């Protein structure tokens, strides 16, 4: 393989695909379409694809996605240098969440990119603003739909309870004693000014399970518990 000065060669990348159920039904831009486009791009750039990561049916407004957790795992293991999506809004429809993840990954030398990145801070910012505005419109429509469900007497159940809680069979939220102790530990150490990685070590030492049920915590996951 010949190296050139115009593009990275042999860069270890993960390709990331996401679509919500509503988006797929509306636009027909399926996971398979995204995979094909990203693999074609990786091949043309001479990248080495270490893994294909899929979040199927997850909203871009959500911070809690298995695919994002997997990206953090690969990053901390030093197994990738770059994560690529087809569009910027595949990563997030929230500028805040995007900035938070960018900051966490930058500490380990990993970047999130998209095929429609402009390479210009203002241009990318306009795209992010539009994605967030579009998400707000969707949220308002969803809120109206939920209001109508409540008026009709139907129960609303979220995708996943906050860490420290469980959803009962009759649709109520109740405290999960073990996880709530973990929440107290996280908030206590955060209030004392401990960095996220120190809090993560404390959680590992105490044996608290992560929100995904795995033993291993990531700084980004700790931050989600602090902000939930």
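Computed values, structure above
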quantity	calculated
Looking only at region 30-52, and only at residues there that are more than 19 Å from the chain's Cα centre (by Cα) and in a loop (DSSP other than H, G, I, E, B), the one that is surrounded by the fewest Cβ atoms within 10 Å (Cβ to Cβ)	46
Residue within region 53-60 that is surrounded by fewer than 17 Cβ atoms within 10 Å (Cβ to Cβ) and within 19 Å of residue 94 (Cα to Cα) present	yes
Residue match in region 14-23 (condition: modelled with pLDDT of 90 or more and either part of a helix (DSSP H, G or I) or over 13 Å from the mean Cα position of the chain (by Cα) (or both))	yes
Boolean, residue 69 is touching a helix residue (DSSP H, G or I) at 6+ places or on another chain (Cβ under 9 Å), at pLDDT 85 or above and assigned to a helix (DSSP H, G or I)	yes
Pairs, first within 13 Å of residue 82 (Cβ to Cβ) in region 94-118, second at pLDDT 85 or above and surrounded by fewer than 14 Cβ atoms within 10 Å (Cβ to Cβ), C-beta under 7 Å, six or more apart	105/111
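The values are calculated or read from the model by the stated rules, or taken from the named source; none is laboratory data. The shown structure was predicted, so the numbers you read here are calculated from the model rather than taken from an experiment. Cβ: placed from backbone, ideal geometry, glycine included. Neighbour counts: every protein chain shown.
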